[in-house]
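Single-structure report; data block below.
The values are calculated or read from the model by the stated rules, or taken from the named source; none is laboratory data. Just so you know, these numbers come straight off a predicted model, no measurement behind them. Positions of Cβ are backbone-derived with ideal geometry, glycine not excepted, and every protein chain shown enters the neighbour counts.
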Amino acid sequence: MTGTVVCIGSGNMGCALMKGAAARVGAERIVFTDADHGKALGAAKVLGAGALETNTEAVRGGAYVFLAVKPQVMSAVLEEIAPVLGARNGGFGALVSMAAGWTIGSIQSLLLRHGAAGVPVARIMPNTPALVARGMIALAASPELGTAALEELEGMLSAAGVVDRVSESCLDAVTGLSGSGPAFVYMFIEALADGGVKAGLPRDKALAYAAQTVLGAAAMVRETGRHPGELKDMVTSPAGTTIAGVAALERAGFRGAVMDAVEAAWRRAVELGTPPLKTTAV
């Protein structure tokens with residue numbers, strides 16, 4: 001790869017992905033920009049990367065440009081960098097967006113209106129466990145992204161977690177499930193720990209047991225390949241403690257509530273892709 005890897009935005013997710021990218025391409029080839037230049041400098045210092053003051057300056061030499069910005073500011077950022085992308089003559093791998101609701105088509109259309117045609121675009125939906133290299137990262141790419149560039153991008157992302165290529169039509173559902181899902185899991189861990197405290201455990205032990213229980217249960221699903229219902233039944237003895245707890249969860253509508261949470265997050269992701277948002281520059 002020639003050129004740098006640019007991250008526009010220096011929030012948690014951008015920093016997590018750049019930490020992984022640095023392990024593949026070297027921190028010296030990573031460049032941050034941010035509306036708050038001090039934040040970009042801080043992120044760069046942590047990784048041993050670079051920071052530039054303007055997005056246009058960074059994009060001129062970027063082989064891959066990650067857009068780690070909120071959906072509400074995407075229009076402004078794309079309008080700013082489009083002329084630079086339009087003037088590029090080769091050496092560009094992809095524009096990589098992680099903004100919920102912004103489709104590849106909408107990104108390319110806005111770029112085209114501002115002088116950049118045929119820009120290779122990838123959409124990703126990572127989640128916060130990427131901060132500890134345990135992320136789930138869905139990836140969809142436009143046809144302009146060649147095989148070599150796509151594989152190189154996958155290699156950079158894989159240092160932050162599991163990368164899975166999906167149809168772009170799946171990304172809103174992915175947002176609702178794995179994008180928002182960690183928050184739901186954290187709430188469950190907190191509730192498990194509160195239950196342990198209610199039963200008499202010290203807070204620190206209750207939290208440690210709850211977190212390890214969720215970690216171990218997830219590993220059982222992944223590593224055994226068994227259905228979660230089958231694994232649940234392995235724990236659930238007749239007239240035992242677990243079936244008493246399962247019955248309490250069922251009475252409270254636990255599974256339905258989780259399904260509703262994922263659906264609500266999915267619907268919000270769809271709403272974020274509506275035209276009024278895409279025409280608003282912030």
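Quick one: is M125 in contact (Cβ under 8 Å) with a residue 40 or more places away in the chain, touching a helix residue (DSSP H, G or I) at 6+ places or on another chain (Cβ under 8 Å) and within 23 Å of K232 (Cβ to Cβ)?
When the stated conditions are applied, M125 does not pass them.
This table checks each residue for (1) under 20 Å from the mean Cα position of the chain (by Cα); (2) surrounded by fewer than 17 Cβ atoms within 10 Å (Cβ to Cβ).
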| site | (1), (2) |
| --- | --- |
| A21 | yes, no |
| D36 | no, yes |
| N55 | no, no |
| R60 | no, no |
| A63 | no, no |
| F66 | yes, no |
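Inside the range 44-75, can you point out the residues that are modelled with pLDDT under 95, under 17 Å from V119 (Cβ atoms) and hydrophobic (A, V, I, L, M, F, W, C)?
A58, V59, A63, V69, M74 - these are the residues of the range 44-75 that are modelled with pLDDT under 95, under 17 Å from V119 (Cβ atoms) and hydrophobic (A, V, I, L, M, F, W, C).
Would you check if L95 is closer than 28 Å to S169 by Cβ and modelled with pLDDT under 95?
No; evaluated as a whole, the condition is false for this residue.
What is the residue count in the range 231-255 for residues that are charged (D, E, K, R) and surrounded by 11 or more Cβ atoms within 10 Å (Cβ to Cβ)?
Here the count works out to 3.
Can you run down the residue pairs with Cβ atoms below 8 Å, 6 or more apart or on separate chains, where the first is in the range 237-249 and assigned by TED's automatic domain parsing to the domain that holds L192 and closer than 26 Å to M259 by Cβ and the partner is aliphatic (A, V, I, L, M) and surrounded by 11 or more Cβ atoms within 10 Å (Cβ to Cβ)?
Final answer for the pair search is T242/V235.
Could you list, in sequence order, the residues of the range 44-69 that are in contact (Cβ under 8 Å) with a residue 40 or more places away in the chain and in a loop (DSSP other than H, G, I, E, B)?
Matches in the range 44-69: G61, A68, V69.
Pairs only if they're at least six apart or on different chains, beta carbon under 7 angstrom, first in the range 88-100 and over 15 Å from M18 (Cα atoms), second assigned to a loop (DSSP other than H, G, I, E, B) and among the hydroxyl-bearing types (S, T, Y); list them, first residue then second.
That search, which allows pairs on different chains as well, returns G91/T2.
Among the residues of the range 169-192, is there at least one that is at pLDDT below 95 and among the charged types (D, E, K, R)?
Yes: one or more hits.
Does A244 meet the test of being in a helix (DSSP H, G or I) and in contact with a helix residue (DSSP H, G or I) (Cβ under 7 Å, 6 or more places away or on another chain)?
Criteria not met by A244.
Which residue, of A133, A148, A173, A191, is of a type outside the set (D, E), surrounded by fewer than 16 Cβ atoms within 10 Å (Cβ to Cβ), farther than 25 Å from A76 by Cβ and not assigned by TED's automatic domain parsing to the domain that holds P71?
A191
Give L41, L78 a once-over and let me know the one that is part of a helix (DSSP H, G or I), modelled with pLDDT of 95 or more and more than 29 Å from D172 (Cα to Cα).
The match here is L41.
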